[in-house]
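This report refers to the structure that appears directly beneath it.
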Amino acid sequence: MCIRDSFLTEHLRVAGGYWCLNALACIGQEVPQQKVNELISWLKSCQNDDGGFGGNAKHDSHITCTHYALLTLSLFDAIQEINLDKAVDYIVSLQNEDGSFRGDIWGEVDTRFSYCALSFLKLVNRLDRINVDKACEYVLRCRNFDGSFGGVPDAESHSAYVFCCVGALAIAGKLDQFDVNELAMWLGERQTSKGGFNGRPEKLPDVCYSWWIYSSLCMINRQDWIDNQALETFILNCQDVEGGIADRPGNEVDVFHTFFGLAALSLIDKDSSCLLYTSDAADDLLCVDLGGRRIIKKK
């Protein structure tokens, strides 16, 4: 990576670490303990005096980075390594009177931050520190006439925000507060002729929505309302022979889409294997060699 690219991605280091490490977890790859220790030490350096985490060491705190840090530490049972009480205080301090959450001290509000707050506090058993009912009331205000959700009240419905809103309501036990069938209809309409999902009407399919939408359908128990096999095929068609997954077939692969593609595959047809390029050793009856890589055959 050139110096310019390094500067351009500095603020994404905590997020990128989360995507990479969870992608490895999805395919059962363990991280060497020495590397885990280094990662934990670095993550601790990203916690600021206000209790929140920045996107890298010496970066301003943000609720999404704080959530990413907790999720990453939880992979290694290392939550106790940080000042958890201060992190909780930071999250709690970001709730507004209307129940919404700010992303940071600068005040941006949307439902991504509502999900991050509820998820973080649920994981550490501190939901009692916020007004959960008001948080859910705000999320429900972001529901639109089409049955879907936007980032703020009256904003356009968007699949990624659906995940955040449904996830927040699921954590709070409030999935009975809206018409799940109406939402499932809107989500089902996001599946394109290519098998993949788009985020909004009239947009191209993108692998990341495989996770946002499919996991939302799983949360409301409507995953059988779409063509699972077509979705799986679309994701696999986005993988190149080097192993990574792109946003759509033929495009450049990246860590973000690789993680969300793998995360979606982990939910689809959980009991059977799927076609994935891998350098791991595997049973010859299940794999074929492909230029030094091996591809796992569907059972």
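The values are calculated or read from the model by the stated rules, or taken from the named source; none is laboratory data. Bear in mind that the values here come from a model prediction, so they are computed numbers and not experimental data. Ideal geometry is used to build each Cβ from the backbone, glycine not excepted, and the neighbour counts take in all protein chains shown. Each accessible area value is taken on the protein alone, full model and side chains, heavy atoms only, with ligands, DNA and RNA left out. Shrake-Rupley method; radii C 1.70, N 1.55, O 1.52, S 1.80 Å.
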Task: Shape metrics for region 1-125, restricted to C-alpha atoms - Rg then Dmax, Å - done: 14.5, 45
Task: Evaluated at q = 0.11, 0.14, 0.25 Å⁻¹: base-10 log I(q)/I(0), Debye formula over Cα of region 185-260 - done: -0.24, -0.39, -1.14
- [ ] Determine the sum of side-chain charges near residue 211: Lys and Arg each +1, Asp and Glu each -1, restricted to other residues whose C-beta is under 13 angstrom from that of residue 211.
- [x] -2
Task: Ranked order, 108, 182, 232 - accessible area, probe 1.4 Å, largest first - done: 108, 182, 232
Open item on the list: Keeping all protein chains in the complex and leaving out DNA, RNA and ligands, what accessible area do you get for residue 116 with a 1.4 Å probe, in Å² to the nearest 10?
Closed with: 10 Å²
Task: Proximal aspartates and glutamates relative to residue 44, as straight alpha-carbon distance under 15 Å, when same-chain residues fewer than 8 apart are discounted - done: 60, 77, 81, 85
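Stick to the Cα atoms of region 91-165, pair each with every other, and give me the Kirkwood hydrodynamic radius in Å at one decimal.
Working: mean 1/r = 0.0818 Å⁻¹.
Value: 12.2 Å, from the Cα pair sum.
How much length is gained if the chain between residue 225 and residue 177 is pulled fully straight, taking 0.36 nm per residue apart and subtracting their Cα-Cα distance, in nm to one decimal?
Details: separation 48, 0.36 × 48 = 17.28 nm, distance 2.06 nm.
So the extension gain works out to 15.2 nm.
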TODO: Just grab the label-to-label distance for residue 86 and residue 193, each label 7 Å out from Cα along the Cβ direction, in nm (one decimal).
DONE: 5.7 nm
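Within region 1-105, what whole-number % of the accessible surface is contributed by carbon and sulfur, with the 1.4 Å probe and all protein chains included in the calculation? Intermediate values should be presented prior to the final figure.
Values: 2880 of 5470 Å².
On region 1-105, the fraction of accessible area on carbon and sulfur atoms equals 53 percent.
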Task: Estimated dipole of the chain in Debye, rounded to 20 [Cβ of Lys and Arg +1, of Asp and Glu -1, Cα centre] - done: 220 debye
- [ ] Would you calculate a helix-derived [θ] at 222 nm for the chain, using -39,500 (n - 2.57) for each DSSP H run of n ≥ 4 and dividing by the full residue count, to the nearest 500?
- [x] -14000 deg cm²/dmol
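Roll a 1.4 Å probe over the protein chains and send me the accessible area per residue for the chain in Å². Write out the running numbers ahead of the final one.
Details: 14720 Å² over 299 residues.
Dividing the accessible area of the chain by its residue count gives 49 Å².
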- [ ] Based on the mean of other Cβ atoms within 10 Å per residue, sort peptides 235-244, 159-168 so the most packed one is first.
- [x] 159-168, 235-244
Open item on the list: List the trypsin sites (Lys or Arg not before Pro) within region 1-103 that DSSP assigns to loop and that have no more than 10 neighbouring Cβ atoms inside 10 Å.
Closed with: 58
- [ ] Just grab the label-to-label distance for residue 128 and residue 35, each label 7 Å out from Cα along the Cβ direction, in nm (one decimal).
- [x] 4.0 nm
Task: 67, 62, ranked by accessible area, largest first (probe 1.4 Å) - done: 62, 67
TODO: May I ask you to list the residues of region 164-202 whose amide nitrogen lies under 17 Å from a point 7 Å from Cα along the Cα→beta-carbon direction of residue 98?
DONE: 165
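Can you flag which of 35/86; 122/203; 35/203 are past 29 Å Cα-Cα? Mind dumping the intermediate values first?
Details: 35/86 26 Å; 122/203 34 Å; 35/203 40 Å.
From 35/86; 122/203; 35/203, over 29 Å: 122/203; 35/203.
With contacts defined as alpha carbon pairs under 8 Å and 6 or more residues apart, what's the relative contact order of the chain in percent?
Values: 481 pairs, mean separation 34.3, N = 299.
Computed value for the chain: 11 percent relative contact order.
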